[in-house]
Amino acid sequence: MSAHSSGLPAAVLGTGQTHHVSRRTDVSMAGLCREAIDAAMLDAGVGWDDIDAVIVGKAPDLFEGVMMPELMMADALGAVGKPLLRVHTAGSVGGSTAIVAASHVQSGRYRRVLAVAWEKQSESNAMWALSLPVPFTAPVGAGAGGYFAPHVRSYIRGTGAPEHVGAMVAVKDRLNGSINPYAHLKQPDITVDKVLEGQMLWDPIRFDETCPSSDGACAIVIGDADAAEAVESEGRQVAWIHATALRTEPGTFAGRDYANPQASRDAAAALWAEAGITNPAEEIDAAEIYVPFSWFEPMWLESLGFAEPGEGWRMTESGATARDGSLPVNPSGGVLCSNPIGASGMLRFAEAARQVMNRADEHQIPDARKALGHAYGGGSQYFSMWVVGTERK
């Protein structure tokens, strides 16, 4: 697949996020978003007059029970009198929102764009929203886990992966999350044995191998070359956007590979080509990959081209994806530690940017120069990815 130009240069100037928890009863959705927005604008060193457009993203309205909340929140989002656009691509929406915001800067239309994504799961119930008996389709039964468990079983059967691999991912990510001040779940005493002894929710996914339900928000400020260079002139690093990719496929079609979707492979191929990367496992210093259930780490390692087909679990088992491994995956703790669904994808993108900006606090990977942000959504249908780096492409 040939590379193509993504347009004019653009960079992440700053990021912000809330402390992710089960219930935020002290703030509305608008207040939740403003916490992340204010933090991102402070991190970027910009004021409201510097923001030319606002892009918002969230998961299906049914998850929170509020229809089109972006309309009632326009004032709180700083969007009155400015272009306001909502993005929706199911669980990948946070990543897609970041890419849409980037494209508005890369087009030359706007100098700085604010992107924000959020979820307040405590005000509804995403588990039951994902358990509806769709007409003419067998009911899922119990949320996203019930839908994805067969895909995991298919992967295990096809690769011969041992059952402790999922537990290893859970332990790694929860230990990473324990040093991330924003993470929802912190389990510094978690072990593989404790995970394997836990309750089975959807065979083979155990209690500690699944993501939490979180309230939280994330925001990023993306600027053009002049805006980025102004930040760099102050001695602060930005995250230059080297490549982005979006791909989609139907939820059901003959021959569909649920464990390694075509749209995922196509998006990854396009991403690496645009970024000029020929060996992702060697050239990416940190990867924030959307892993809501632990087994998706080895699955996505293969789909993204970090590992050969059938070898993703071996990469995980070897320790390569640990914080001190050759490819640190989810040093922030990832979706297994914080899952405000609408924001989860943007958190992956923002955390990748934080790594190359050297602003990742306790979970900073030393000398991270290129990082991957990744999100997926729906029935593994929607994929969004970007590569950011310390150097202007």
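Here are a few things to note about the model shown:
- Across the chain, C-alpha contacts under 8 Å between residues 6 or more apart give a mean separation that, scaled by the residue count, equals a relative contact order of 26 percent.
- Listed values for the range 371-386 are Karplus-derived 3J(HN,Hα) couplings in whole Hz (6.51 cos²θ - 1.76 cosθ + 1.60, θ = phi - 60°), namely 9, 9, x, 9, 8, 9, x, x, x, 6, 10, 10, 10, 9, 8, 8, and x replaces Gly and Pro.
- Local net charge near S233, Cβ-Cβ under 14 Å (Lys/Arg +1, Asp/Glu -1): -2
- For A287, net neighbour charge (Lys/Arg +1, Asp/Glu -1) across residues whose Cβ lies under 14 Å away: -2
- Largest mean-square fluctuation among D208, D173, D26, in a Gaussian network model of the chain whose springs join Cα atoms under 10 Å apart, belongs to D26.
- Shape category assigned to the range 300-345 from the gyration tensor of Cα positions, a/c cut at 1.5: oblate
- Shape category assigned to the range 161-209 from the gyration tensor of Cα positions, a/c cut at 1.5: prolate
- Helical content of the chain, expressed as a calculated mean residue ellipticity at 222 nm, amounts to -9500 deg cm²/dmol (DSSP H runs of 4 or more residues, -39,500 (n - 2.57) each, divided by residue number, nearest 500).
- Rounded to 10°, Cα long-axis angle of helix 341-356 versus longest principal axis of the chain: 70 degrees
- When you filter the GluC sites (Glu not before Pro) in the range 202-311 for DSSP loop state and at most 11 other Cβ atoms inside 10 Å of their Cβ, you are left with E234.
- Cα-based Rg / Dmax (Å) for the range 57-103: 11.1, 30
- Max mean-square fluctuation residue, GNM over the chain, Cα-Cα springs under 10 Å, options Q237, Q199, Q355: Q199
- Taking the square roots of five times each eigenvalue of the Cα gyration tensor of the range 202-308, the equivalent ellipsoid has semi-axes of 31, 20, 14 Å, listed largest first.
- Other-chain or far-sequence residues with amide H under 5 Å of N330's (modelled H): A287, E288, I289
- Kirkwood Rh and Cα Rg combined as Rg over Rh, evaluated for the range 47-196: 1.06
- Of V329, V192, the order by accessible heavy-atom surface (1.4 Å probe, DNA, RNA and ligands excluded), from most exposed downward, is V192, V329.
- Both numbers refer to the Cα atoms of the chain; Rg and Dmax are 19.3, 59 Å.
- Selected from A142, A161, A259 as most flexible by GNM, with the chain as the system and alpha-carbon contacts under 10 Å: A142
- Just the protein heavy atoms count here, and of the accessible area of the chain at 1.4 Å, carbon and sulfur take up 54 percent.
- Inter-part distance where the range 225-267 and the range 329-386 are each reduced to a Cα centre, Å: 11 Å
- Normalised per residue, the accessible area of the chain is 37 Å², obtained with a 1.4 Å probe and no contribution from ligands, DNA or RNA.
- Global geometry of the range 157-250, whether rounded, prolate or oblate, following the gyration tensor of its Cα atoms and the 1.5 cut on a/c: prolate
- Exposed-loop-free span, longest in the chain, where chymotrypsin sites (Phe, Trp or Tyr not before Pro) count as exposed if DSSP calls them loop and at most 10 other C-beta atoms lie within 10 Å: 254-393
The values are calculated or read from the model by the stated rules, or taken from the named source; none is laboratory data. As the structure is a computational prediction, the values presented were derived from the model and not from experiment. A quick note on method: Cβ atoms are made from the backbone with ideal geometry, for glycine too, and the neighbour counts reach across all protein chains shown. Heavy atoms of the whole protein, side chains included, go into the accessibility calculation; ligands, DNA and RNA do not. Shrake-Rupley method; radii C 1.70, N 1.55, O 1.52, S 1.80 Å.
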